[in-house]
Amino acid sequence: MQIDPSQITRDDAQHVLYHFGHGGWRPGSGTTAIIHAFTAVDPNHFRRLALGFPGLAAAIWIAQNTEDGIDRLQQIADGTAA
């Protein structure tokens, strides 16, 4: 799957940070359901969900699969990402 961090909005980063317990903003019920879906599905369905929600997909993937993912999301959320 091609992950494009440039698709991550400040809101995406804030919501994913909240989901993983690192501050952020509490998302609404719809976004919460989407984030839960991403974290519950197999890789094939993750890719399918990513077609509709590329920013959330990238944020979740980075948080779960990179060593500095939370730091990167915090930078995006704070508006200090390079």
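Details
- Gyration tensor over alpha-carbon atoms, region 5-78, equivalent ellipsoid semi-axes in Å: 17, 13, 11
- With θ taken as phi - 60° and the Karplus curve 6.51 cos²θ - 1.76 cosθ + 1.60 applied, the whole-hertz 3J(HN,Hα) list for region 55-64 is x, 5, 4, 5, 5, 5, 4, 4, 4, 8 Hz, x standing for glycine and proline.
- Rounded to the nearest 20 debye, dipole of the chain from Cβ charges on Lys, Arg, Asp, Glu: 240
- When the chain is described by a simple charge dipole with +1 on each Lys and Arg Cβ and -1 on each Asp and Glu Cβ, the residue from P27, G69, V16 located farthest towards its positive end is P27.
- The chain, relative contact order in percent, only Cα pairs under 8 angstrom and at least six apart counted: 42
Since every read-out is calculated from the coordinates, none of them should be taken as a lab result. Note that the coordinates shown come from a computational prediction; the quantities given were computed from them, not determined experimentally. When we count neighbours, we look across all protein chains shown, and the Cβ atoms used for this are built from the backbone with ideal geometry, even at glycine.
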